[in-house]
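So the structure is just underneath, and the comments pick up after that.
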Amino acid sequence: MQLSERQAHIAEMLRQSDFIGVEELARHFRVTTQTVRRDLNLLCERGLARRVHGGIQRVHTSGNVAYAWRQVLNNEAKLMIAQTVARHVPDGVSLSFSIGTTPELVSNALLEHQHLKIFTNNLNIAFQACANPTFEVTVAGGRLRNEDRDVMGNGMEALFSAYKVDIGIYGVAGVDEDGTLLDFYEEEVRARQMIRENSRSAFLVLDHTKFGRAAHVRGGRIDEATKVFCDRPPPPGIRALLEQSGTQLVLCDGDRTP
């Protein structure tokens, strides 16, 4: 179920506050309290919030933000990144996709392409890619992680090690100030590394909020990618690393390359 613009805005507002009241939201959006309550009920059904007396409360998690949250957070920036990446992918190539909301949006932006070969451990991406009858889609086998709808473990490793693809597309939970890539689970790091190692070109897709974001599992570096796609310029130290390594930085605000 897709969120409306107002519902996505409410979700963004909730990131900055532990509680938002119905009356406050009704005044802010100039709608009735009944309309606001319908919006809040949907956000709670999606697992983005919890109803409390007079409004909604943010749901706190110990690990990564829930997938449903990640699908709406910074969505405009992620869409811009996805549309830019699509212009860097020619027809007829093979691609590996990792988990994550930004790679998922990239796969959606590629649906107008022709004769792509898609390899992924993410069922969201696989089902989406099947909408194009010219695509060939290969998925990993094994046990799913329910919320993220992805396959980890031996099935994921068997898939990504069996093919050498033209382009690997992967995201990341965070980037440390020294350029180290960070995630919340060891298996997510392993999936990302296997995609990069088995791709002729590696595209890292991330929005600016990932710079300096804390996550505790280290694996790989930002300057190992062939191209880095981001909506805003990275911090100066990261930018210097990319320039020294020869990694191409693509700023997705009109597809200009610095």
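Calculate how steeply helix 5-15 sits against the longest principal axis of the alpha-carbon atoms of the chain, using the helix alpha-carbon long axis, and give the answer as 0 to 90 degrees to the nearest 10.
Helix 5-15 and the main axis of the chain meet at about 90 degrees.
For helix 236-245, what angle does its Cα long axis make with the longest principal axis of the chain, in degrees from 0 to 90 and rounded to 10?
Tilt of helix 236-245: around 20 degrees.
Taking every pair of alpha-carbon atoms in the stretch 70-251, what share in percent sits in each 10 Å bin, from 0 to the bin with the longest distance?
10, 42, 38, 10, 0
Using +1 on the beta carbon of Lys and Arg, -1 on that of Asp and Glu, and nothing else charged, what's the dipole of the chain about the Cα centre, debye to 20?
480 debye
Order of 165-173, 145-153 by packing, highest average Cβ count within 10 Å first?
165-173, 145-153
Compute the normalised compactness of the stretch 5-60: alpha-carbon radius of gyration over 2.2 N^0.38 Å, N being the residue count.
Normalised by 2.2 N^0.38 Å, the Cα Rg of the stretch 5-60 equals 0.96.
Of Ala215, His28, Ser98, which is farthest on the positive side of the dipole of the chain, counting Cα position, with +1 on Lys and Arg Cβ, -1 on Asp and Glu Cβ, and the Cα centre as origin?
Working it through, the farthest residue towards the positive pole turns out to be His28.
For Glu197, Glu112, Glu188, what's the fewest-to-most ordering of other Cβ within 10 Å of each Cβ?
Glu112, Glu197, Glu188
Where both residues lie in the chain, what percent of DSSP beta bridges are antiparallel, nearest 5?
DSSP beta bridges in the chain are roughly 40 percent antiparallel.
Suppose each label sits 7 Å from its Cα in the direction of the beta carbon; what would the Asp91-Ser4 distance come out to in nanometres?
Calculated label separation equals 3.9 nm.
Based only on other Cβ atoms within 10 Å, what is the fewest-to-most ordering of His88, His53, His216?
With the sparsest Cβ surroundings first, the list reads His53, His216, His88.
Round to the nearest 10 and give me the degree value, 0 to 90, for the angle of helix 33-45's Cα axis relative to the longest principal axis of the chain.
In the chain, helix 33-45 runs at an angle near 40 degrees to the longest axis.
Computed from the coordinates by the stated procedures, all read-outs in this text should not be read as laboratory data. The structure presented is a predicted model; accordingly, all values stated were derived computationally and were not measured. Counting neighbours? That spans all protein chains shown, and the Cβs are built from the backbone with ideal geometry, glycine included.
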